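Taking it in order: structure first as structure tokens, then the write-up.
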Amino acid sequence: MKTVVAAVLSALALIFAPAAHADEESYLHNIYDAGFWGTPATWLRLGYTVCGMVSNGANQGAVISYIYHHTADDTDWASSARAVELAEIYLC
């Protein structure tokens, strides 16, 4: 009986769990609103790279450094941190 109850509860948890999905449109909208420029493909590549780094255990400093070194010369550390934050919110 306990096994049946556990199975039902597990099934219900899966049914009512929020769906995880990337919101590329919102990500790009917020990237451009934050003053970044570049092609959508470039920002999606950078954003998903951020997600991969985070899921593989990279610390925030390393992730921000990646964005800092892979964007325009006028992108400072704070802007890079904002780009990372947007990727984590909308893509990861």
Item to check | Scattering profile of segment 33-92 at q = 0.15 Å⁻¹ [log10 I(q)/I(0), Debye over alpha-carbon scatterers] | outcome: -0.36
Next on the checklist: Between Ser55 and Asp33, how high is the FRET efficiency from 1/(1 + (r/R0)^6) when r is the Cβ-Cβ distance and R₀ = 35 Å? Nearest 0.05.
Outcome noted: 0.85
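We did not get these values from a lab; they are worked out from the coordinates using the rules stated. None of these values were measured; they are calculated from a predicted model. Because the Cβ atoms are built from the backbone with ideal geometry, glycine has one as well, and the counts that use them run over all protein chains shown.
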